[in-house]
Amino acid sequence: MFKPVRMCKINILLLQKHLNVITAALAESGLVHLVDATAQSKDRLLSAVNLDQDRRQIQKMLDRCQVLLEAIGVEKDAQAPEVDTLEKEEIELLLNKVSDRYQEYDREIATLLEDTALINQESDRLGEFPVQTVRLSTLRNLSHFYMVTGKMRMDTFLRARQVLENQALLVGSDDNSGKVLVLSSRANRWAVEEDLAKLGFEKIEIPDNLDSEITEKQKEYHDQIDALRIKLDQARLGVLRLGEQYGGVLLAIKRQLKTLLAVQQAQSMFGRSRHLYCISGWVPREKVDQVRELVRKASDGVGIVEVIDAEEDELVKAGLDEVPVKLQPSALERPFQMLVTNYSTPNYSELDPSIFVGITFVLMFGYMFGDVGQGAVLALAGLYLRFSKRNFSTTLRDTGTLLAFCGSSAVFFGFCYGSIFGYENHHILKPLWLSPLQEQDIPRLLLTAVAMGVIFLSVAVIINIINHFRAHKFFAGTFDKFGLLGILFYWGVLAIGIQVAVTRTFAAWQLVFVAVPLLLLFLKEPLHNWFHHRNPLYRSSFMDMFLEGGIELMETLTGYLSGTVSFVRVGAFAISHAALCLAVFAIIGMLKDLTLGSVLSIIVAILGNLLIILFEGMVAAIQCIRLEYYELFSRFFQGGGKAYEPFHFSEQPEDK
């Protein structure tokens, strides 16, 4: 509960003939966090398993398979059927066969699309001709006339008629699109062209080999396009049928290739000697027997499993290997573990702070967001996310659990404040403790927030001391600003301050409880040198020792002072939450006397509470995270751990 799952290192020795079987069995179990076996072997007796060439070949086939699946229209999330395992040569032949057939269809489709585009282009050109129902051969046979077609603006067209009235005949299209047919005598051709150019006339070329009516040619083009579309549909249907025929097999091949690739990547971490292979990894201690049985079955009883406790491993002791961390798989702890790992993975040797983080986060959120109604809305939303039958991810369900805890805390503090949906009426709901906006209650609210911070900071420092002692770092756990001397100094200052505030008396001898821890912290460096090197000034001068000691004292004083004062914000945000609720009901009070005031008041009450739930809820969560990460984690959390990531083929298996 307060410590990560205990881990053991295992070394599996086996024969080559059992290698693939055991690799597959380990992947299916999802229990072993693999490490490089060659780095684990003493005197480098094991050599690496080089599978780079095979891995590149498999990756290339997998890429081809994925491209083909996309090309033939198979959905990515389609279910792969169960088929017999294929050899790599068989997979290569099948991929070539499907690829060749798809390329035939692809070339045919490309050709048809190109032909269709060319015909559409010609059809569009003919559509520019201003007179669609005249046979062009008739116009061309007018030996004494010059004909040209083009486009111009409609306002220019009227002017052109006037300018060329005695030289040419201008015929405009019926759709007023600016298409123009110009007829003139051949003698006036150059003069007409010059005037047309000045008027912005754009010439449209008509194919020389076109003698029929344009409408007839357009119909011919449309028939050709329809025929091409039929062929195009047939080619595309062929691609779809290709997907129906081979899609399932390709999905199965894709799954098999991913499995092979995972096996190759895993086996690249194995070590080998002349006759044996070695697999090294980390396993939860309670799963060791399960791994032993798995190896026994997969190797026909020949495989050997060596088990070493994490605390006894020589490489771990020497700092050459790191134990992976698996946090306790509890559904209630997981939301708070999410907050911890979002900052960093805990070190294997330190306590799991998830419970502490959960308690402090939930209490601070409720303190800042205390309201019965608004808290209930958050709690219900969280319960929906947690228990809904919809296909929500584990992360979203864990977020729902966190939201339910925070909402429940807000409900509790809502009863303490006497607030329901921002409405405070002591006749309806009498506060069990205080009202955040009552002048006489504000000092108590802020002082209680500081007292909460004192408790949280003290627990954080105690956790830090325990972590150092568990790691056998007794000097660091004692002589540190957040160690034993630091907490004694903090408690001494608090005790003196409380006594002065309550009794108005002070005795000089009480300063001993503050001065002694500070003096020892000031002498931290020389004491460390004396304990380890029998020389207080080892590799340092008196001035260096004095400066380092002074800096240590300043950091101790400012660290505890700033950390304690930071928790005033918890009370301040409780006041701001209540003030925002008061502002909403002040607006409601102004609307009551207006026309439809009751309806408007209800709307404002609903929208105002929604705004407060979203905005203030987000602000309270951000402040909780800030206090957790910057005020509490900085006191005890080392982090930098390596997460436990067991070897597996597909998605992460459920905790067993």
Task: One residue from I613, I602, I575, I588 being open to solvent by 60 Å² or more (accessible area, probe 1.4 Å) and either over 30 Å from G358 (Cβ atoms) or of a type outside the set (S, T, N, Q) (or both) - done: I602
TODO: Could you name every one of the helices (runs of 4 or more DSSP H) located completely within the range 283-368 that has at least 3 residues being open to solvent by 40 Å² or more (accessible area, probe 1.4 Å) and of a type in the set (V, I, T)?
DONE: none
- [ ] Identify the single condition in (1) open to solvent by 70 Å² or more (accessible area, probe 1.4 Å); (2) without any contact (Cβ under 8 Å) to a residue 12 or more places away in the chain that F405 does not satisfy, given that it satisfies every other one.
- [x] (2)
- [ ] Grab the helices (runs of 4 or more DSSP H) fully contained in the range 472-556, keeping just those with 1 or more residues being surrounded by 13 or more Cβ atoms within 10 Å (Cβ to Cβ) and among the charged types (D, E, K, R).
- [x] 524-533
- [ ] Considering only the range 37-90, state which residues are in contact with a helix residue (DSSP H, G or I) (Cβ under 6 Å, 6 or more places away or on another chain) and free of Cβ contacts under 8 Å to residues at least 60 places away in the same chain.
- [x] R64
Open item on the list: Please determine whether any residue of the range 454-470 is open to solvent by 20 Å² or more (accessible area, probe 1.4 Å) and closer than 17 Å to L557 by Cα.
Closed with: yes
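Kindly indicate whether any position in the range 167-190 is closer than 30 Å to V239 by Cβ, open to solvent by 80 Å² or more (accessible area, probe 1.4 Å), at pLDDT 80 or above and assigned to a helix (DSSP H, G or I). Reasoning before the result, please.
Residues of the range 167-190 closer than 30 Å to V239 by Cβ: none.
No: zero hits.
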TODO: Kindly list, by first and then second residue, each pair from a residue in the range 425-451 that is under 15 Å from M368 (Cα atoms) to a residue that is among the acidic types (D, E) and open to solvent by 90 Å² or more (accessible area, probe 1.4 Å), limited to pairs with Cβ atoms under 8 Å and residues at least 6 apart or on different chains.
DONE: none
Task: Which numbered condition L13 misses (of (1) of a type in the set (A, V, I, L, M, F, W, C); (2) part of a helix (DSSP H, G or I); (3) open to solvent by 30 Å² or more (accessible area, probe 1.4 Å); (4) modelled with pLDDT of 90 or more) - done: (2)
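Can R159 be described as within 60 Å of the chain's Cα centre (by Cα) and at pLDDT 80 or above?
On the way: within 60 Å of the chain's Cα centre (by Cα): no; at pLDDT 80 or above: yes.
No: the conditions fail for R159.
Return the total of residues in the range 197-222 being in a helix (DSSP H, G or I) and either modelled with pLDDT of 90 or more or among the hydrophobic types (A, V, I, L, M, F, W, C) (or both). Walk me through how you get there before you give the answer.
Taking the range 197-222 as the starting set, the residues that turn out to be in a helix (DSSP H, G or I) are 197-198, 214-222.
This time we only want the ones that are either modelled with pLDDT of 90 or more or among the hydrophobic types (A, V, I, L, M, F, W, C) (or both), so: 197, 214.
Residues flagged as in a helix (DSSP H, G or I) and either modelled with pLDDT of 90 or more or among the hydrophobic types (A, V, I, L, M, F, W, C) (or both) within the range 197-222 amount to 2.
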Open item on the list: Considering only residues that are touching a Leu at 6+ places or on another chain (Cβ under 8 Å), at pLDDT below 90 and not in a loop (DSSP other than H, G, I, E, B), which ones fall in the range 104-132?
Closed with: I119, L126
Open item on the list: Looking at the range 91-103, can you tell me whether even one residue there is surrounded by 11 or more Cβ atoms within 10 Å (Cβ to Cβ), touching a residue at least 60 places away in the same chain (Cβ under 8 Å) and assigned to a loop (DSSP other than H, G, I, E, B)?
Closed with: no
- [ ] Would you check which residues across the range 63-90 are open to solvent by 80 Å² or more (accessible area, probe 1.4 Å) and of a type outside the set (V, I, T) and list them?
- [x] E70, E75, K76, D77, Q79, E82, D84, E87, E89, E90
Task: Failed item in (1) in contact (Cβ under 8 Å) with a residue 12 or more places away in the chain; (2) under 18 Å from A574 (Cα atoms); (3) part of a helix (DSSP H, G or I), with I463 passing the rest - done: (2)
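With respect to G200, determine if the residue is in contact with a helix residue (DSSP H, G or I) (Cβ under 7 Å, 6 or more places away or on another chain) and at negative phi. Lay out the reasoning, then the answer.
Working: in contact with a helix residue (DSSP H, G or I) (Cβ under 7 Å, 6 or more places away or on another chain): yes; at negative phi: no.
Here the answer is no, as G200 does not meet what is asked.
The values are calculated or read from the model by the stated rules, or taken from the named source; none is laboratory data. Remember, predicted model here, so these are calculated numbers, not experimental data. Note that each Cβ is placed from the backbone with ideal geometry, even for glycine, and that neighbours are counted across all protein chains shown. Protein only, heavy atoms only, side chains kept; ligands, DNA and RNA dropped before computing areas. Shrake-Rupley method; radii C 1.70, N 1.55, O 1.52, S 1.80 Å.
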